[in-house]
2 protein chains.
Amino acid sequence: MVSEAVACCAPLGAPTLTEEEADATAGLFKALGDPARVRIVNLIASAGEAVCACEFNETLGLSQPTVSHHLKRLTDAGLLEREQRGKWAYFSLRREAVETLAAVADLKEVCC
Amino acid sequence: MVSEAVACCAPLGAPTLTEEEADATAGLFKALGDPARVRIVNLIASAGEAVCACEFNETLGLSQPTVSHHLKRLTDAGLLEREQRGKWAYFSLRREAVETLAAVADLKEVCC
């Protein structure tokens with residue numbers, strides 16, 4: 001399920017884009033259309049390793065349920081990978097998602 | 001105003017990201033977090049030239065007011081440039097926005 005969400009996205013600059021592909025691409029952007037989720041992705045990218053769910057609420061100034069909600073949205077969108085380690089879940093960026101996101105957002109070849 | 005919206009975005013993979021930068025970056029993604037807006041950007045990118053506002057409603061199967069709303073959202077986000085030609089407005093991709101979007105979404109250097 002998760003990998004499909006990412007796999008079915010089509011680049012913004014694709015020659016043709018079906019309604020389904022447009023939905024999937026919009027879904028990926030929408031997952032990042034929130035400042036807290038942008039900061040979560042940024043924190044994980046900066047860390048360069050899996051980050052404990054317990055570390056976000058203090059850094060972001062958000063409650064644990066709010067952080068959990070955002071982590072779930074990002075995981076459902078296929079951007080994050082969740083790994084349970086004892087009591088806590090750890091989150092890392094999914095390589096495929098990172099590649100897809102870069103490809104989807106790249107209009108340079110077709111534009112201007 | 002428009003160019004600032006794009007200029008103040010910081011890449012997802014930036015070493016540090018202020019709250020303001022996270023807001024701006026999320027705003028850019030949010031503007032693309034809608035299937036109709038993804039298809040509008042895709043149609044303009046595929047056309048390779050400015051597209052008349054009158055061309056979108058038939059292709060997208062949306063009413064003119066709905067199309068206008070989406071075009072305004074994309075223009076306000078700094079992604080599109082609007083040019084009035086007689087009765088109709090024509091829209092093209094803004095080169096700076098395209099470069100910013102690609103940079104913002106590129107996590108490949110910091111990830112995985």
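Some points to look at:
- The range B:33-46: number of residues that are more than 7 Å from every other protein chain (Cβ to nearest Cβ) and open to solvent by 50 Å² or more (accessible area, probe 1.4 Å): 1
- Of the residues in the range A:45-59, not one is part of a helix (DSSP H, G or I), under 16 Å from the mean Cα position of the chain (by Cα) and among the β-branched types (Val, Ile, Thr).
- Among the conditions (1) within 14 Å of another protein chain (Cβ to nearest Cβ); (2) in contact with a helix residue (DSSP H, G or I) (Cβ under 8 Å, 6 or more places away or on another chain), the only one that B:Arg95 does not satisfy is (2).
- In the range B:53-112, the residue that is surrounded by the fewest Cβ atoms within 10 Å (Cβ to Cβ) out of those that are under 29 Å from A:Thr100 (Cα atoms) and of a type in the set (Phe, Trp, Tyr) is B:Phe56.
- Taken as a whole, the condition of being modelled with pLDDT of 95 or more and acidic (Asp, Glu) does not apply to A:Glu49.
- Residues located in the range B:62-75, provided they are more than 14 Å from every other protein chain (Cβ to nearest Cβ) and closer than 17 Å to B:Tyr90 by Cβ: B:Gln64, B:Val67, B:Ser68, B:Leu71, B:Lys72, B:Thr75
- Entry remark, the range A:51-61: residues being within 11 Å of another protein chain (Cβ to nearest Cβ) and either among the aliphatic types (A, V, I, L, M) or touching a strand residue (DSSP E or B) at 6+ places or on another chain (Cβ under 8 Å) (or both) number 1 in total.
- Applying the condition of being open to solvent by 10 Å² or more (accessible area, probe 1.4 Å) and within 25 Å of B:Asp23 (Cα to Cα) to the range A:14-32 and asking which residue is modelled with the highest pLDDT yields A:Lys30.
The values are calculated or read from the model by the stated rules, or taken from the named source; none is laboratory data. Remember, predicted model here, so these are calculated numbers, not experimental data. When we count neighbours, we look across all protein chains shown, and the Cβ atoms used for this are built from the backbone with ideal geometry, even at glycine. Accessible surface is based on the protein model in full, side chains and every heavy atom, while ligands, DNA and RNA are left aside. Shrake-Rupley method; radii C 1.70, N 1.55, O 1.52, S 1.80 Å.
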